[in-house]
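The values are calculated or read from the model by the stated rules, or taken from the named source; none is laboratory data. Since this is a predicted model, take the numbers as computed values, not measurements. Reconstructed Cβ throughout: ideal geometry from the backbone, glycine too, with neighbour counts over all protein chains shown. Ligands, DNA and RNA are stripped out before the accessible areas are found, and what is left, the full protein with its side chains, is counted by its heavy atoms. Shrake-Rupley method; radii C 1.70, N 1.55, O 1.52, S 1.80 Å.
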Amino acid sequence: MKTLKIFIFLLCLFAVETAVIAQENNFPITPYVDEEDATLSQSSKSILKSKLSQMVMQNGLSAGVKNERFIITAKVIILDKRMTSSAPALYSLNIDLVICIGDGFEGMKFAQTNLNLKGIGASEERAIIDALKDINLKDGSLVKFVESAKSKIVNYYSNNCDQIISQAALLENQKKYEAAISILSEVPTTSKECFSKTMPILTNVYKKYIDRDCKIKLNEAENAWGSSTSVEAASSAAAILSTIDPETDCYKSAKILMSRIESTIFKKMSDIEKKEWELKFQKVKTENEASKELLNFAKQIAMAQTVNQNKGGYNIADWFR
């Protein structure tokens, strides 16, 4: 039961929030456009980001959410700019679009391709937009580019699996369970050997995480209830208890405390309040219901950790030099 739950949890981590692509080799690559790039307007950046997203999705990958490790990014380089002889005169641009896929955290570029684009518009901005809209997503060079990156990402995990496990073990020993979960959950299913090695480790780390979380929440609930025997205090304590995972070692203690609260507080409740209570806090008494909360809760652990890890931005300054 526990292994199955973690397996489902992993699949959720690899899924796209906006779309689900059911290929075996699916893992998220985040479309990233530098917001500080002064050469592009917001409209141009939006179009470019959309095109990058379509590139990975049309080639069997998922366009991940913000702060994923692997990114697809691009830079617009204007090679030639001219004014047409027409009336009114228009801007005519010859553009080199450099597209890269790599590990944005470590700064490792896995693949690069260049597209030559041409655009015409009433302004330089409109000419850039015209060029970006003309990107052929079925271009053979783009397909080879994405396939090359996919292969290198899988090889990266195959070649660095022992190092990943060691890093996770170090974080686990330091009780930094969230960081360990984040590292282990990044291993794609296509890296079969590494994935099979990390699965049992992730299961163990996740169990330690929820056990620690349970103890913290149980203590908070006891403090909330111990300070008063009012309906308000009971609601506060029960709200905390309802978030405890039923797979944890202290879940039985949580249910005992919930029963103790109910036996005291029900005497002070009206029939309407009792019905509201049952509807609101049934989760803490029903393991199946509480289990439904696990996937969303677990997913947030790795996502929050990844966001914290990438607060300084991506390390891609050398990719376009």
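Observations on the structure shown:
- When the trypsin sites (Lys or Arg not before Pro) in segment 90-178 are filtered for DSSP coil states and for at most 12 other beta-carbon atoms within 10 Å of their beta-carbon, the remaining sites are Lys138, Lys175.
- Less than 5 angstrom separates the built amide H of Met108 from those of Asp103, all sequence-distant by 5 or more or on a different chain.
- With DNA, RNA and ligands ignored, accessible area of Ser185 (1.4 Å probe; Å², nearest 10): 10
- Based on protein heavy atoms only, segment 38-123 ends up with 44 Å² per residue of surface accessible to a 1.4 Å probe.
- In the context of the full protein assembly, Ile47 retains an accessible surface of approximately 40 Å², using a probe radius of 1.4 Å and ignoring ligands and nucleic acids.
- Residue-by-residue Karplus 3J(HN,Hα) for segment 190-206, coefficients 6.51, -1.76, 1.60, Hz, glycine and proline x: 6, 7, 4, 5, 5, 4, 5, 6, 7, 3, x, 5, 4, 4, 5, 5, 5
- Figure note: Glu222, Glu106, Glu232 ranked by solvent-accessible area, largest first, 1.4 Å probe, ligands and nucleic acids not counted: Glu232, Glu106, Glu222.
- Subtracting the Cα-Cα distance of Ser166 and Phe266 from 0.36 nm times their residue separation leaves 30.9 nm of extension gain.
- In plain terms, the chain from Glu232 to Ser43 could stretch by 63.0 nm, reckoned as 0.36 nm per residue minus the Cα-Cα distance.
- Highest mean packing first, where packing is the average number of other Cβ atoms within 10 Å per residue, the peptides 242-248, 165-171, 87-93 line up as 242-248, 165-171, 87-93.
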